[in-house]
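Data first, discussion second: the structure below is written as structure tokens.
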Ligand SMILES: Nc1ncnc2c1ncn2[C@@H]1O[C@H](COP(=O)(O)OP(=O)(O)O)[C@@H](O)[C@H]1O
Ligand SMILES: [Mg+2]
């Protein structure tokens, strides 16, 4: 494996819905074990960007490469490529009629073709990873939002993807449940999981992001390290947005402050 080759390369991605131009040329690379945080106002195209990256909604123009292989290339199997890109959704998207373990095992079994037993073992390991093994036999409705989202993360992990995309994974959660999900994500980041995270949790970004990308109106307005943004962004628009986030979410969450020993 070539360590210098990006795991994910997003090149000049454009996407419109009818007359509405949502993405207007987004580019970035994600290297092995990197955490990329994407943030920006509601409606700026963040979810669309993630859907373009995994080809749930193919871009109109531009390219996405996974370890050097272009998605949508004639000779590539898009389903096989997509299986290597994990996705964690805002609203968990678990199957209501399946127990936690089966929600996690179904991908490895149906998509990767593992035997029932192997898929189950892998699912159990993934549930252990997010500290949900004790809840394996529960249905989603029997779990809190934070627990459901941890199952959502386990479902992505069980596929052993090259990269995991998170679309505002904590924004549908009650405040007291956000911490347990962020903690799992922090642990994954520290273990070297390659991640693209759409989030407004700036404490998380500060703790583990290699780069933060602010998008608005379908373009990258500003990008840089967390230090860059928290010292004071170049763009007035970004500074205002960060200020508003601070008012909305309060200062960084206490549980994240210890991460760099602050
Ligand atoms: N499938 C779709 N059809 C039409 N418009 C869409 C579709 N998906 C998103 N949009 C529009 O694209 C814009 C960006 O949406 P989205 O990517 O969800 O933004 P964000 O995730 O940053 O809030 C919004 O104006 C939204 O209404
Ligand atoms: Mg969104």
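All of the numbers you see were taken from the coordinates with simple rules; none came from a lab. Since the model is a prediction, treat every value here as computed from it, not as a measurement. Note that each Cβ is placed from the backbone with ideal geometry, even for glycine, and that neighbours are counted across all protein chains shown.
A P(r) calculated from all alpha carbon pairs of the stretch 97-160, with 10 Å bins opening at zero, reads 28, 58, 14, 0 percent. In this simple spin-label approximation, residue 20 and residue 42 carry label points 7 Å from Cα along the Cα→Cβ vector, and these lie 1.3 nm apart. Remark: the residue 11-residue 245 segment gains 81.4 nm on full extension, using 0.36 nm per residue and subtracting the alpha carbon distance.
For the chain, what's the relative contact order in percent, using C-alpha pairs closer than 8 Å and at least 6 residues apart?
Values: 470 pairs, mean separation 63.7, N = 262.
Value for the chain: 24 percent.
In terms of overall dimensions, the stretch 132-262 has a Cα radius of gyration and Dmax of 15.7, 50 angstrom.
Packing, taken as the mean count of other beta carbons within 10 Å per residue, orders the peptides 237-245, 41-49 from highest to lowest as 41-49, 237-245. Ordering 70-83, 116-129 by mean Cβ neighbour count within 10 Å, with the highest value first, yields 116-129, 70-83.
Taking other C-beta atoms within 10 angstrom as a stand-in for reagent exposure, 4, 31, 185 fall in the order 4, 31, 185, fewest first.
Ranked for footprinting exposure by Cβ neighbours inside 10 Å, fewest first, 106, 215 give 106, 215. Using the Cβ-Cβ distance between residue 80 and residue 133 with R0 set to 25 Å, the FRET efficiency works out to roughly 0.30.
Here is how the number arises for the chain: DSSP H runs of 4 or more residues each give -39500 (n - 2.57), the sum is divided by the residue count, and the result at 222 nm is -11000 deg cm²/dmol. Taking 7 Å steps out from each Cα toward its Cβ at residue 70 and residue 125 produces label points 3.5 nm apart. Compute the FRET efficiency between residue 116 and residue 230 as 1/(1 + (r/R0)^6), taking r as their Cβ-Cβ distance and R0 = 45 Å, and round to the nearest 0.05. My answer for the efficiency is 0.40.
For the chain, the convex hull drawn through the C-alpha positions has a volume of 138 cubic angstrom per residue. Cβ crowding within 10 Å, taken as a proxy for footprinting-reagent exposure, orders 95, 39, 204 from fewest neighbours to most as 95, 39, 204.
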